[in-house]
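The values are calculated or read from the model by the stated rules, or taken from the named source; none is laboratory data. Because the structure is predicted, anything quoted here is derived from the model rather than measured. Positions of Cβ are backbone-derived with ideal geometry, glycine not excepted, and every protein chain shown enters the neighbour counts.
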């Protein structure tokens with residue numbers, strides 16, 4: 001079974017970077033000859049996945065199938081108004 005966060009932990013331990021650092025997108029761009037505008041970070045958490053994408057200059061896509069769902073998103077939206 002694939003455990004949530006194991007990829008993040010392996011990246012953290014091998015690169016000594018935090019999940020919200022912009023090192024990884026930059027590294028991927030250098031390695032594959034792409035730009036950050038060609039990367040889309042898909043995730044279910046605003047405070048890690050989406051923040052990571054935004055900090056790295058990537059496009060982001062929030063899925064509502066995990067930690068954040070439509071009711072939580074509505075609550076957050078109400079708090080921001």
Give the residues of region 57-72 that are surrounded by 15 or more Cβ atoms within 10 Å (Cβ to Cβ) and either at pLDDT below 90 or outside any loop (DSSP other than H, G, I, E, B) (or both), sorted by residue number.
60, 62, 67, 68
Looking at region 37-45, can you tell me whether even one residue there is modelled with pLDDT of 85 or more and in a helix (DSSP H, G or I)?
yes
Pairs needed: first member in region 41-58, at positive phi; second member anywhere, modelled with pLDDT of 85 or more and surrounded by fewer than 19 Cβ atoms within 10 Å (Cβ to Cβ); C-beta distance under 9 Å; at least 6 residues apart or different chains.
57/26; 57/35; 57/36; 57/37; 57/39
